Amino acid sequence: MEHLENFRLHEIKQEIEAASEQVAEERLHQAVAKGLDRAKKTSIKRRIGFQVGIMAGLLALTVFLLNYWGHDMKEQGNSSYESVVQGSLGDIPEYVLSQMTSDMEAAAEHGLYQPVNRSEQTGPYQVTVDGILADQQQIYLFITLANQSGKSTPMELSNYQFYDPKGDRSPRRITSPAFMSNDKYKTVQHLTYTLSFDESPAGLLVFSGNIQSSSSYEAESAFEISIEWNPDIYKNLQRTIALHQTEVIEGHSFTLNSLVLTPLATTLAVDTDPEAGTGIEGFINSKLILDRKQEGRFVQAIYPRNYEYRYAADDNLSLSRLIFNSIYYRDINEITFQASGITLSSRHAFEITIDTAKEQLIAAPSNFTLLSLKENNAQEVELQLRYSPPQPDSPDLEPLSFDFNRYFLDQEGNRHRFLSGDYLKRVAILKFDALSYPQPLTFTGNQIDREQIQHAMQWDFPFIEQ
């Protein structure tokens, strides 16, 4: 069954900056230089002033590191740190730097950012792909939209897609970005798409879609841009650690299969064996701990920033991957996986019948209400439906408890695809063509019931590649 792309970003930005980077005493001048350089970039990224204060804080941190880990620093070198110090971000646009997390920045410092600079003019708009930051499994695309009509209204993209022109590979996941603007008139906007692949395309993708002003009724302008880059840069930059740890909790089985490290992400692959009617949707309070048992080192935990799923035969969600921030450039001897239990989910189909010509809700489950039905313009209708959960949520459970299929049915049983679908808290926002349909229309989807099983678990894995 087809399901609407859920554009909410399941990202927990809990970056605990590792104060345990080992800096040899003879490299003090390099550490200070890096501190000054990072202070400069931090002022660009965070848009906060007082650079002198930031630099002073970084210098104080450097002295603290040298005093605390000084003995260990002399005995152990860190080639990753040395190469980072020697890297440069000078050829990357400021807005791109401002959107980079620390692991993205480390990958860029190791040469994985590639300029693209491909543009297309469509109507009053110019769409430009500025650059790409990629490894074998993940791609960040940095894009600029420019409204050259002079209108001070935000722009939006619709019906966008990314595909390999040969049809060999397509993203298994596309994270829709938030827009950022660097001018008060909103005539220039920037955005970043995150694309996840099982196997990275061979250096070529096509980016297509439509662009228009978000507050006008003008026709959409179509664009298509070919994006080319060099995949050889990261060809061998992937490490895989075999785990093969199986656990059964109250009849629900799962296997931690492998941990895949790339410069842009750490991916924990999970195989689940869902019980009939129920799937393992996630772990409670899951995290990776780096070198938990090694004394004299700062112990760091990292938390999932994304979750990926597959659908079981009964259409239930089943966890397939946990995506963490990258640890690729760190010196690690052991990794610990911890969680305090599992979250189960089961899905139940529903139907909602609406006469859109009369703007009348005919039939729906009791926890759905019609909020609004309006024409955004001559081509598009927007339907908003609110979902009220049957019982209060546990604070640990994902709040989204429903989703809609990608299509709806008219009275004669004909299928019609949505133009787009999004969720804002508990409101579904569904857009479709403004046509004359045989009434009433039927909208289908699934309610999702969740249950948690508390069960503490922990496994230590030596950092040994396959």
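The values are calculated or read from the model by the stated rules, or taken from the named source; none is laboratory data. Bear in mind that the values here come from a model prediction, so they are computed numbers and not experimental data. Quick reminder, even Gly has a Cβ in these numbers, built from the backbone with ideal geometry, and neighbours come from all protein chains shown. To get the accessible areas, we keep the full protein, side chains included, count just its heavy atoms, and leave off ligands, DNA and RNA. Shrake-Rupley method; radii C 1.70, N 1.55, O 1.52, S 1.80 Å.
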Computing the accessible area with a 1.4 Å probe over protein heavy atoms, can you report the carbon and sulfur percentage for the stretch 325-466? 46 percent
1.4 Å probe accessible area per residue over the stretch 343-466, in Å²: 53 Å²
Burial order of peptide ranges 320-327, 120-127, 288-295 (average beta-carbon count within 10 Å, highest first): 320-327, 120-127, 288-295
For the stretch 415-461, rounded, prolate or oblate, judged on the Cα gyration tensor with a ≥ b ≥ c (square roots of eigenvalues), a/c < 1.5 rounded, else prolate if a/b > b/c? prolate
Taking a ≥ b ≥ c as the square roots of the eigenvalues of the Cα gyration tensor of the stretch 201-270, is the shape rounded (a/c under 1.5), prolate (a/b larger than b/c) or oblate? oblate
Honestly the stretch 337-466 on the Cα gyration tensor test (a ≥ b ≥ c root eigenvalues; a/c under 1.5 rounded, otherwise a/b vs b/c for prolate or oblate) is just prolate
Take the alpha carbon atoms of the stretch 191-252, find their center, do the same for the stretch 330-374, and report the distance between the two centers in whole angstrom. 24 Å
When each of Lys374/Lys425; Lys358/Lys425; Lys166/Lys235 is checked by Cα-Cα distance, pairs over 23 Å: Lys358/Lys425
Relative packing of peptides 130-140, 233-243 - highest average C-beta neighbours within 10 Å first: 130-140, 233-243
Which percent of Cα pairs goes in each bin when the distances of the stretch 103-150 are cut into 10 angstrom slices starting at zero? 25, 42, 22, 12
